[in-house]
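Just below is one structure, and these are the notes that go with it.
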Amino acid sequence: MKQATLEQFQRYVIPNYTRYPVCLVRGVGSSVWDDEGNRYLDFFPGWGCDLLGHCPPRVVQAVQAQVAQLIHVPNTWYMEAQGRLAEALSERTGWGGQCFFCNSGTEANEAAIKIARLHGKPGRYKIVSMLDSFHGRTLGALSATGQPKYHKGLEPLLAGFNYAPYGDLDAAAKLIDGETCAIMVEPIQGEGGINLPPPGYLQGLRELCDRHNLLLIFDEVQAGMGRTGRWFAAQHWDVQPDVTTLAKALAGGVAAGALIARPEAAEKLRPGTHAATFGGNPLACVAALATIETIEAEKLLQRAEELGAYFQQRFDAIRSRCSLLREVRVKGVMIGLELAVDGAPVVEACLKRRLLINCTHSTVLRLLPALTLSDAERDEGCDILEDVLANITV
Ligand SMILES: *Cc1c(COP(=O)(O)O)cnc(C)c1O
């Protein structure tokens, strides 16, 4: 990449991210190009935000048309696209949710925490969340996040969060007391290593919430919007929450977040309780509507299932030959490959071969490929990864 760009970053951009020395300039589908003309195959497009790949045509067209008409107006006015998006999301929940719009996952979870506290009034404010969870970086969502490494130096956290090991129903039950108002969980943990819920777990959490009058909050920021083959990951287990949050893939790569709540919970948010200046702006809403339209027109929920089945059998086969690969966890295009060793050198080796992947939780290779991935691209990426795993020295 250009030395000038590097120097600009060194001087003017706060280095709170670990960056690879690659400057990306253009993307189409699952391909992305750097400023030297190199093409990369992207198995982690937009950190999970580009669920339809880079620059999906319907999203591009919708944004291009909208940007010339109305970019932003505040929520003191009505706007058609926001109403249409709320209806589209509500219909897909299957439980008649109502929407609040914001701009990111952490913001959607902040709104969920507020609803939980308002629901718990008077006297209840505690929320049970899970170890190895990830809910965002603002202080409320960070307090919900059950990973001490992210809390370091930032204490004191928001009061009232207690963490249970993910998948352990008894541990969650034991944390509930007379001051608890909600349970918050990712139906499939993303950042924590692509962890799938054990049988009966989500249903068990639902029952605990019903028994103790708690709100069940599903953070679907990473797993939602069709990535797993259903609009919401929890639909695989037939469990309905009271509140669910979305962001990452919601608007095809455009910044957007949403909270969807049952009317009984939603009624807690009234003027004065919560707001987001940019939330539900016309640009983000038309991008989200175009995302939903693309997923339906191109039958991409079905494609997620197909791709998931392929990845499962392909990586299971690799695992049988490669002792470094301990476990394969797949739901649609949400893929975790648990290694016996640190994953960072594998990510680096893939980058050299121009395949973009991610490593999370130290030892889990995370792939969040696009639903529009072709069979040829799928095979190209798997071949590179298989080769890299076979040749990695530890
Ligand atoms: C990424 C993520 C968040 C945070 O989203 P931001 O848009 O970065 O604030 C919250 N929850 C989950 C499950 C996520 O994967």
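The values are calculated or read from the model by the stated rules, or taken from the named source; none is laboratory data. On a predicted model such as this, the values are computed, not experimentally measured, just so you know. In this analysis, Cβ positions are derived from the backbone assuming ideal geometry, glycine residues included, and neighbour counts consider all displayed protein chains. SASA here: full protein model, heavy atoms, side chains in, ligands and nucleic acids out. Shrake-Rupley method; radii C 1.70, N 1.55, O 1.52, S 1.80 Å.
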Practice task
Could you figure out which of (1) in contact (Cβ under 8 Å) with a residue 40 or more places away in the chain; (2) within 20 Å of Ala108 (Cβ to Cβ) isn't true of Asp177?
Solution key: (2)
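Only one residue in Ala284, Ala275, Ala309, Ala349 is over 20 Å from the mean Cα position of the chain (by Cα) and farther than 26 Å from Asp375 by Cβ. Which one?
Ala275
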Problem - Restricting region 179-199 to residues that are part of a loop (DSSP other than H, G, I, E, B) and within 10 Å of the ligand (Cβ to nearest atom), the residue that is most open to solvent (accessible area, probe 1.4 Å) - result: Glu191
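Find the residue count for region 63-114, including only residues that are of a type outside the set (Ser, Thr, Tyr) and either within 16 Å of the ligand (Cβ to nearest atom) or outside the structural domain of Thr244 (by TED's automatic domain parsing) (or both).
Of region 63-114, the ones of a type outside the set (Ser, Thr, Tyr) are 63-75, 77, 79-89, 91-92, 94-103, 105, 107-114.
Narrowing the set further to residues that are either within 16 Å of the ligand (Cβ to nearest atom) or outside the structural domain of Thr244 (by TED's automatic domain parsing) (or both) leaves 100-103, 105, 107-114.
Going through region 63-114 one residue at a time, the tally reaches 13.
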Exercise for the section: Answer yes or no: is there a residue in region 341-364 that is within 19 Å of Gln147 (Cβ to Cβ), touching a Ser or Thr at 6+ places or on another chain (Cβ under 9 Å), open to solvent by 30 Å² or more (accessible area, probe 1.4 Å) and not in a helix (DSSP H, G or I). Expected result: yes
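Given the options Leu214, Leu158, Leu154, Leu202, name the one that is more than 16 Å from the ligand (Cβ to nearest atom) and out of contact with any Lys or Arg (no Cβ under 8 Å at 6 or more places or on another chain).
Details: Leu158 fails: more than 16 Å from the ligand (Cβ to nearest atom); Leu154 fails: more than 16 Å from the ligand (Cβ to nearest atom); Leu202 fails: more than 16 Å from the ligand (Cβ to nearest atom).
Sole residue among the options that is more than 16 Å from the ligand (Cβ to nearest atom) and out of contact with any Lys or Arg (no Cβ under 8 Å at 6 or more places or on another chain): Leu214.
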Exercise for the section: State whether the residues of region 217-227 include one that is buried (at least 24 other Cβ atoms within 10 Å of the Cβ), of a type in the set (Asp, Glu), assigned by TED's automatic domain parsing to the domain that holds Ile188 and not in a loop (DSSP other than H, G, I, E, B). Expected result: yes
Problem - All positions within region 1-36 that are within 20 Å of Val347 (Cβ to Cβ) and part of a strand (DSSP E or B) - result: Leu24, Gly27, Ser31, Val32, Trp33, Asp34
Handout entry: Wholly enclosed helices (runs of 4 or more DSSP H) of region 103-176 bearing at least 3 residues open to solvent by 10 Å² or more (accessible area, probe 1.4 Å)
Key = 105-120, 148-151, 169-175
Practice task
Confirm whether Asp238 is under 21 Å from the mean Cα position of the chain (by Cα) and within 14 Å of the ligand (Cβ to nearest atom).
Solution key: no
Practice task
Report yes if some residue within region 302-321 is surrounded by fewer than 22 Cβ atoms within 10 Å (Cβ to Cβ) and assigned to a loop (DSSP other than H, G, I, E, B); otherwise report no.
Solution key: no
Practice task
Being farther than 26 Å from Gln69 by Cα, under 23 Å from the mean Cα position of the chain (by Cα) and of a type in the set (Lys, Arg) is the filter here, so list the residues in region 79-126 that pass it.
Solution key: Arg92, Lys114
Exercise for the section: For region 30-48, enumerate the residues that are out of contact with any Leu (no Cβ under 8 Å at 6 or more places or on another chain) and open to solvent by less than 40 Å² (accessible area, probe 1.4 Å). Expected result: Asn38, Gly46
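Say whether the condition of being in a loop (DSSP other than H, G, I, E, B), β-branched (Val, Ile, Thr) and either touching a strand residue (DSSP E or B) at 6+ places or on another chain (Cβ under 9 Å) or crowded, with 24+ Cβ neighbours inside 10 Å (or both) is met by at least one residue in region 257-278. Quick ask: steps written out before the conclusion?
Restricting attention to region 257-278, the residues satisfying the condition of being in a loop (DSSP other than H, G, I, E, B) are 262, 267-278.
Now restrict to residues that are β-branched (Val, Ile, Thr): 273, 277.
Next, from what is left, pick out any that are either touching a strand residue (DSSP E or B) at 6+ places or on another chain (Cβ under 9 Å) or crowded, with 24+ Cβ neighbours inside 10 Å (or both): none.
Within region 257-278 (the criterion being in a loop (DSSP other than H, G, I, E, B), β-branched (Val, Ile, Thr) and either touching a strand residue (DSSP E or B) at 6+ places or on another chain (Cβ under 9 Å) or crowded, with 24+ Cβ neighbours inside 10 Å (or both)), the answer is no, since none of the residues qualifies.
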Completion exercise
A careful count of residues in region 91-102 that are farther than 28 Å from Arg137 by Cβ and either open to solvent by less than 80 Å² (accessible area, probe 1.4 Å) or in contact with a helix residue (DSSP H, G or I) (Cβ under 8 Å, 6 or more places away or on another chain) (or both) gives 3
